1. Along segment B:283-295, what does the Karplus equation 6.51 cos²θ - 1.76 cosθ + 1.60 (θ = phi - 60°) give for ³J(HN,Hα), rounded to whole Hz, x for Gly and Pro?
2. Highest first, please rank the peptides B:33-39, B:126-132 by the mean number of other Cβ atoms sitting within 10 Å of their residues.
3. Provide a whole-number value for the mean count of partner chain Cβ atoms within 10 Å of the Cβ atoms in peptide A:22-29.
4. In a shell of Cβ-Cβ distance under 14 Å around B:VAL91, excluding B:VAL91 itself, what net charge do Lys and Arg (+1) and Asp and Glu (-1) give?
5. How big is D, in µm² s⁻¹, for segment B:294-349 by Stokes-Einstein at 37 °C and 0.692 mPa s if Rh is the Kirkwood radius over C-alpha pairs?
6. Could you give the dipole magnitude of chain B about its Cα centre, charging the beta-carbon of Lys and Arg +1 and that of Asp and Glu -1, in debye to the nearest 20?
7. Write down, largest first, the equivalent ellipsoid semi-axes of segment B:106-184 in whole Å, where each equals the square root of 5 times an eigenvalue of the alpha-carbon gyration tensor.
8. For segment A:8-137: lysine pairs with Cα atoms under 18 Å, gap of 8 or more or different chains, count?
Amino acid sequence: MIEQSQPILLVEDDPGHVLLIEKNLRRAGVTNEIIKLDNGGSAVEYLFNEGEFAAASNPIPLLILLDLNLPVLSGFEVLQRIKADERTKRIPVVMLTTTDSPQEITRCYDLGCNIYVVKPVDYVKFSETIRNLGLFLSTIKTPDD
Amino acid sequence: MCMEKERKALQEQMDCVERLIQSCAVPTFVIDSRHRIILWNKACEALTGVKSTEVIDLADVGKIFYGFKRPVLADFVIDGNLEEVQGNYEVHSHSLLIPDGLQAERWYTDRDGKERYICFDAAPIRNSRGETIAAVETLQDITDRKRAEEKLQKVATDLKEKNEEIRSFAYIVSHDLRAPLVNLKGFSSELNRALRELAPLFASGVAQLAEGERQKMEALFQQDVPEALEFIDSSVNRMDRLINAILKLSRFGRQELKPKKVDTTQLITSILKTLRHQLEQRHATVTIGPLPVVTADNTALEQILGNLLDNAVKYLSSGRNGHIEITAEQDAEITIFHIRDNGRGIAAADLEKVFQIFRRAGRQDIPGEGMGLAYVRTLVRRLGGGIWCVSEPGEGTTFSFTIPRVPEQTGKCKLAAGCENKPFEQRE
C-alpha cells in the first residue's frame, strides 16, 4: 500500500492548475501531504536542503509532479538535477505540461522522467489522467518496501 | 646597324606597352624586381592624387598609398612571400585567372579622406627564363558594390531575425495561451460538478419559497448558470482548436525535411485511395497525367497534395459529376503541379484570402478550421516553392504549386532549434 508518511511534491507555477491537480488527487483517494512549490529553484532547494530549506531535513518525496514551464529553473533543469544526484535519482518524476511537442517529450524521457502528462484542455481527460495517477499511486509500493 | 635597329624595335614595343597601360581606365602600376615603381598610369594618379613624375623609381608604394611603410600586393608577388598577405588585407585569395596572381580587398582612405573599398589584383611579369622581373597591380574601386553587399547582408540578417521572432512568437502564443485555458475549462467543470451536488439541496430549499421567488431561483439555477457555463465551455474548446491550429502551422514551418526520391504517381494514387468514398459520393472521376519522380520531402509533399486533393473533392459542385485532373510540367529548375477541378470555384476577391489562416471563402456549408491552405502554403514555401490558384466561380479551380528540381539545403532549420527552448529559457 501507499506510504502515507511520504509527501508528494508538486512543482507548478499556475495556482489554478495546482488546485485542479490537488482536487483530483484527493478525489482519487490520495491522502499524502502535497507540498506545493511554484518555481524550479525552490524545488531544487527543497530536494537538496539548500537555500531557504537549508535548515530543514525534508522527507524524500514519494513522487514529484513537475511542470515543464517554470520560473527560475525550468522543469528540464530541475529534472536534470534530480536524475544526476544519487539521493534523488530513484524518485519517480511525472512531467506535467501543456506542450505535446515530440522534441520536448523525447528530451524529458532522455533526461530520465518516468511519465510525461500533457495537460489537456479537455478537462475530463485531464482529471482522468490525474485520478489514474492517484489510483496508481495508491497501489504502488515505495522503493524502500 | 642591325643592333641599333633591334634596340629601336624593342624600345618601340616597350613604349607601346606603356601607352597601353597609360590609356587603361583601371588604376595600374608596375614595379620592378627591386620594388621600384616603373609605371604609374593616369587612372592611378586620379585615384591617389599622386603624379607619376613624383613616384617613378621610388621603392615604396605602400607609403604612397597608406602614408606609412608597408608592403602592397605587388611587393608580395615579387618576393613570393604569400604567407604575409593575410595580416595586411581583410579579404585575400589566389587569383582565379592569373597563375601566381594574388587578389585582395581592403578599405583605403584617399587623399581627400574619402573611404574607398578597393579590390587589388597583382601578378608577376616573367622573362623567357621564368624569372620574375616585375609585378603589375591594378586597383578597382568597388565601394558601391561593397556598400550594396553590406546593405543586402543587413537586410538578410534583419529578415532572418524577424522570421525567428515570428516563429518563436507563434510557439509562445500556442503554449502560454493553453495554460489559462486549462483553468477555464477545469474550473467550469468544477462549477458544473458543484451544481450537480447542489441540485438536491436546491430542490428542497427552493420548495419552501413563495411561487415568484421560486420561479426566479429556478430560472437562475437551472437555466442561466448552466447556459453561461456551456458558453464558456464551447468558447474554450474553440479557442483550443484555434491555438492548436497555430501550433501545427508553426510546427510545419520548422519541420525537419528529408529530401528523397518520390514517385508522385504512386503518392497521388495512395492519397486518392483514402478519398475513394468521398469521390464515389460525388460521382467524381480523376485523371492523373504523366507525373514525374521528384526529389523532395515525402511527408511534406503528401501533406500538400493531400490537402489540395481533399479540398478539390470537398468543394465539387453538387449539380454535376465531379472531375479532378492532376498534371505536372518540368523545366530545368522546377516542377509545377496543377490540381484542376470543375467545382464551385472561388470568387476573384477571395483568391488570396484562401491561403490566410482561419479564413474561409464562399458558402460556409462544409466544416473546417480554415487552416488547410495555410498549412499547404507554409509547406510549399518550406520546400522552396510557391503556390497560386486560378479560378472561375461556378466553373472550377486550378491550384498550382512549384517545387525546385534540386531541394534547397535546409536540413534541420537552425532557427527552429533555437526557438524550441526559448519560452523556457527566457523566463526570469
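The numbers here are math on the coordinates, done by the rules we state, and not lab data. Just so it is clear, the model here is predicted, and its values are computed rather than measured. Cβ: placed from backbone, ideal geometry, glycine included. Neighbour counts: every protein chain shown.
1. Values, residue by residue: 6, 9, 10, 10, 10, 10, x, x, 10, x, 8, 10, 10 Hz.
2. Ranking the peptides B:33-39, B:126-132 by packing returns B:33-39, B:126-132.
3. Mean partner-chain Cβ count within 10 Å for A:22-29: 1.
4. Once all neighbours under 14 Å are counted, the net charge is -2.
5. Result for D is 254 µm²/s.
6. Rounded to the nearest 20 debye, it is 800 debye.
7. In descending order, the three semi-axes are 57, 17, 7 Å.
8. 4
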